[in-house]
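Reading through the structure tokens given below for one structure.
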Amino acid sequence: MKINFTKSEYRTLLDVIYMADWILPTHDTEDRSGTKEYSDLFQKLMSYAKNMGCEDLVGFDEQQKDYAASFIFEEESPALDYIDEFENDSFWAELISRLAQRDALIELKANNPQDVESEDLFTETSKAEEKWSKEFEAFGLSRIR
């Protein structure tokens with residue numbers, strides 16, 4: 001199969017693949033050999049940068065023997081803005097969720113979510129999520145000790 005891309009489409013594809021490549025290996029604590037096919041595909045797509053007139057966006061590291069986004073790519077690409085937004089939203093959502101779960105278990109006098117009825121846990125967690133959402137919206141982390 002052959003797929004034709006315009007320069008603009010190729011540039012957009014680089015952005016999308018860059019975002020995926022940012023997330024897949026993030027916070028690796030063990031070998032993620034299962035993601036190798038993704039990075040291989042990203043390498044293959046980046047290898048066409050010169051042919052697509054995007055050689056300023058991708059560089060080849062002779063020592064590592066792989067392609068990487070250039071400084072120009074990282075400065076101009078909206079991908080990093082989307083990644084920052086994603087990470088920020090994920091941080092707040094995860095913090096609220098974990099604090100709410102903790103508070104719900106305390107309120108229900110339980111140590112483990114499996115020890116309580118799911119409806120009760122859902123009700124208490126929802127109340128706590130609303131409380132924490134309002135807290136962080138109004139004060140950020142300034143009142144957290």
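Scanning segment 27-40 for residues that are touching a Leu at 6+ places or on another chain (Cβ under 7 Å) and either at pLDDT 90 or above or open to solvent by less than 60 Å² (accessible area, probe 1.4 Å) (or both) gives a single hit, Thr35. When you check Leu24 against the structure, is it of a type in the set (A, V, I, L, M) and within 30 Å of Glu135 (Cβ to Cβ), yes or no? The answer is no for Leu24.
The values are calculated or read from the model by the stated rules, or taken from the named source; none is laboratory data. Fair warning: this is a prediction, and the values are worked out from it, not measured in the lab. Ideal geometry is used to build each Cβ from the backbone, glycine not excepted, and the neighbour counts take in all protein chains shown. Please note that ligands, DNA and RNA were not included when accessible areas were found on the heavy atoms of the full protein model with its side chains. Shrake-Rupley method; radii C 1.70, N 1.55, O 1.52, S 1.80 Å.
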